[in-house]
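J.: Here's a structure for you.
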Amino acid sequence: MKKSLYGQNGYYTNPHRVGKSGDFYTSVSASKFFGGAIASYILNLVEKGHLNLPLRIVEIGANNGYLLGDVALFLDALSTHFLRDCEFATIEPLPSLREAQKSHFSTLRFSTNISFNAFETLPLPEKSSDIFILSNELFDSIACDVMQDKKILYITQEEKNWQGLWQEIDTNPLPSQSAVLLNLLKNNPMPYKQEILPHWIPLIEQLSYIAKAHKKSYFLTFDYGTKNLTNPLSYNPRFYHSHAVMSLKDILGQNINFYSLYQNADITYDVDISLLNILFSHYGFELVFEDYQAKVLIEQMGILSLLESFERAQGFATYLKEIHKVKTLLHTMGGRFMGICYKLCNTTL
């Protein structure tokens with residue numbers, strides 16, 4: 001999965017895969033007010049003293065950089081001189097996407113010069129600062145292992161004929177990341193359906209390292225998922241291509257050649273929010289909120305108030321065009337996606 005999505009010529013090396021003209025679209029594609037609501041939330045955190053300036057605002061897995069760009073534009077529109085004390089950055093392992101992000105930011109116009117960089121690894125801050133990190137549909141795109149009835153799924157790769165093969169875990173060692181995850185969960189009282197074993201730990205370790213290098217840190221993510229998944233293998237993982245979707249169960253049942261999907265389809269799965277909470281707590285983070293995307297955008301981020309301000313400034317006709325896009329965020333996608341926020345305060349800095 002990792003090589004298919006992120007390897008040389010992998011699926012995500014092409015920034016045009018995501019969007020209304022691609023294989024699937026996200027909340028970022030639906031409306032710029034998704035980024036606007038996040039900007040409003042950041043301003044609220046600063047106004048209440050939960051975060052302070054100077055502030056680093058960083059996106060992980062930004063694809064072409066549209067979301068972070070929307071956040072920056074709304075921060076500029078909603079505040080005075082706020083951007084002067086902000087540094088914007090992306091963390092992106094793929095060189096082609098880092099270039100796409102730099103290209104996008106170069107087209108944006110702000111009231112003042114801003115600092116933006118696309119990094120493979122985020123450098124530590126040169127001076128004491130706080131940080132706000134965001135992501136959208138990140139955790140469901142990280143590689144995973146698949147288990148069922150004490151068997152783990154492998155893909156045989158005989159020339160161009162790739163097929164799924166279940167092997168007993170008693171006679172075959174678990175991949176290292178899944179072994180670490182299961183070992184960490186041994187002493188946790190919360191049950192976890194051990195069928196989808198995501199490789200999240202290195203990313204969460206990286207986030208913890210970044211957070212502890214700053215005074216105050218917030219991490220906000222939106223992902224397709226729910227708490228305490230039941231029977232996850234009935235619809236996970238899933239393969240998207242040209243707005244069509246197939247489940248792993250479909251592919252194995254129909255004996256479809258995995259080679260035909262390699263680097264040609266998005267691979268994703270539902271995020272188990274309970275597991276995400278366990279891992280973030282283990283690495284020192286505190287849960288701020290978790291809820292459906294619609295409730296987060298309305299109750300935590302004030303998207304409706306933001307729309308009212310937009311109507312007063314731009315007029316009803318323009319507002320009417322935007323409200324239809326926002327309805328997609330709140331109704332079509334709002335009940336399927338979850339918004340989760342964590343924080344970590346470093347008292348030693």
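J.: Taking the stated definitions as given, is Ala89 among the hydrophobic types (A, V, I, L, M, F, W, C), assigned to a helix (DSSP H, G or I) and in contact (Cβ under 8 Å) with a residue 24 or more places away in the chain?
T.: Taking the combined requirement at face value, the residue does not satisfy it.
J.: Turning to a different aspect of this structure: Specify the residue that is modelled with the lowest pLDDT; the eligible residues are those in region 28-40 that are of a type in the set (S, T, N, Q) and within 13 Å of Val71 (Cα to Cα).
T.: The residue in question is Ser31.
J.: Of all residues being of a type in the set (D, E, K, R) and open to solvent by less than 60 Å² (accessible area, probe 1.4 Å) in region 193-246, which is farthest from Tyr12 (Cα to Cα)? Just the residue, please.
T.: Among those that are of a type in the set (D, E, K, R) and open to solvent by less than 60 Å² (accessible area, probe 1.4 Å), it is Lys216.
J.: Cβ-Cβ distance below 6 Å, separation of 6 or more or different chains: which pairs start in region 185-212 with a residue that is under 23 Å from Lys343 (Cβ atoms) and end on one that is at pLDDT below 90?
T.: Within 6 Å, the pairs are Lys212/Asn346.
J.: State all residues of region 98-115 that are in a loop (DSSP other than H, G, I, E, B) and open to solvent by 30 Å² or more (accessible area, probe 1.4 Å); if no residue qualifies, say none.
T.: Matches in region 98-115: Arg109, Phe110, Ser111, Thr112, Asn113, Ile114.
J.: Further question on the same structure: If only one of Ala143, Ala118 is farther than 24 Å from His50 by Cβ, under 20 Å from the mean Cα position of the chain (by Cα) and modelled with pLDDT of 95 or more, which one is it?
T.: So the residue among Ala143, Ala118 that is farther than 24 Å from His50 by Cβ, under 20 Å from the mean Cα position of the chain (by Cα) and modelled with pLDDT of 95 or more is Ala118.
J.: Follow-up. Look at region 46-73 and say how many of its residues are open to solvent by 20 Å² or more (accessible area, probe 1.4 Å), under 23 Å from Lys102 (Cα atoms) and touching a Phe, Trp or Tyr at 6+ places or on another chain (Cβ under 8 Å).
T.: In the first step, residues of region 46-73 are kept if they are open to solvent by 20 Å² or more (accessible area, probe 1.4 Å); the result is 46-50, 52-54, 61, 63-64, 66, 73.
Narrowing the set further to residues that are under 23 Å from Lys102 (Cα atoms) leaves 54, 61, 63-64, 66, 73.
Filter again for touching a Phe, Trp or Tyr at 6+ places or on another chain (Cβ under 8 Å), leaving 63, 73.
Of the residues in that region, 2 qualify.
J.: Additional query: For Ser260, indicate whether it is out of contact with any Asp or Glu (no Cβ under 7 Å at 6 or more places or on another chain) and closer than 23 Å to Gln194 by Cα.
T.: Taking the combined requirement at face value, the residue does not satisfy it.
J.: Mind telling me which of the residues Val296, Val288 ends up being aliphatic (A, V, I, L, M), within 27 Å of Leu207 (Cα to Cα), in contact with a strand residue (DSSP E or B) (Cβ under 6 Å, 6 or more places away or on another chain) and part of a helix (DSSP H, G or I)?
T.: Answer to the selection: Val296.
J.: Okay, next question. Does region 251-264 contain any residue that is open to solvent by less than 60 Å² (accessible area, probe 1.4 Å), in a helix (DSSP H, G or I) and over 13 Å from Met1 (Cα atoms)?
T.: Within region 251-264 (the criterion being open to solvent by less than 60 Å² (accessible area, probe 1.4 Å), in a helix (DSSP H, G or I) and over 13 Å from Met1 (Cα atoms)), the answer is yes, since at least one residue qualifies.
J.: Note down all Cβ pairs under 8 Å where the first residue falls in region 219-248 and is within 30 Å of Ile42 (Cβ to Cβ), the second is modelled with pLDDT under 85, and they're at least six residues apart or on different chains.
T.: Note: pairs meeting the criteria are Phe222/Ser27; Tyr224/Arg336.
J.: Residue check: is Leu43 closer than 20 Å to Phe222 by Cα, modelled with pLDDT under 90 and surrounded by fewer than 22 Cβ atoms within 10 Å (Cβ to Cβ)? Walk me through how you get there before you give the answer.
T.: Numbers: closer than 20 Å to Phe222 by Cα: yes; modelled with pLDDT under 90: no; surrounded by fewer than 22 Cβ atoms within 10 Å (Cβ to Cβ): yes.
Answer is no for this residue.
J.: If I ask for residues that are assigned to a strand (DSSP E or B), open to solvent by 10 Å² or more (accessible area, probe 1.4 Å) and more than 30 Å from Ala265 (Cα to Cα), which ones from region 116-147 would you list?
T.: Phe116
J.: Can you tell me which residues in region 83-97 are open to solvent by less than 40 Å² (accessible area, probe 1.4 Å) and either among the charged types (D, E, K, R) or at pLDDT below 95 (or both)? I'd like the intermediate steps shown before the answer.
T.: Kept after step one, since they are open to solvent by less than 40 Å² (accessible area, probe 1.4 Å), are these residues of region 83-97: 83, 86, 88-92, 94, 97.
Those that are open to solvent by less than 40 Å² (accessible area, probe 1.4 Å) and either among the charged types (D, E, K, R) or at pLDDT below 95 (or both): Glu92, Leu94, Leu97.
J.: Here is a further query. I'd like the residue in region 265-283 that is aliphatic (A, V, I, L, M) and open to solvent by 10 Å² or more (accessible area, probe 1.4 Å) and, out of all such residues, is nearest to Leu220 (Cα to Cα).
T.: Only one residue fits best here, namely Ile278.
J.: Kindly evaluate Ala211 against the criterion of being closer than 29 Å to Leu297 by Cα and among the small types (Gly, Ala, Ser).
T.: Here the answer is yes, as Ala211 does meet what is asked.
J.: Mind checking which pairs have a first residue in region 279-299 that is closer than 21 Å to Ala39 by Cβ and a second that is assigned to a loop (DSSP other than H, G, I, E, B) and not hydroxyl-bearing (Ser, Thr, Tyr), Cβ under 6 Å, 6 or more apart or different chains?
T.: Taking only residues 6 or more apart or on different chains, the pairs are Tyr292/Gly335; Gln293/Gly334; Ala294/Gly334.
J.: Right, here's the next one. If Leu306 meets every condition in (1) farther than 30 Å from Tyr240 by Cα; (2) open to solvent by 40 Å² or more (accessible area, probe 1.4 Å); (3) part of a helix (DSSP H, G or I) apart from one, which number is that one?
T.: Looking at each condition in turn, Leu306 falls short on (2).
J.: Can Phe337 be described as aromatic (Phe, Trp, Tyr) and within 27 Å of Val180 (Cβ to Cβ)?
T.: no
The values are calculated or read from the model by the stated rules, or taken from the named source; none is laboratory data. Quick caveat: nothing in here was measured; it's all calculated off a predicted structure. Please note: Cβ atoms are built from the backbone with ideal geometry, for glycine as well, and neighbour counts cover all protein chains shown. Accessible surface areas use protein heavy atoms only, side chains included; no ligands, DNA or RNA. Shrake-Rupley method; radii C 1.70, N 1.55, O 1.52, S 1.80 Å.
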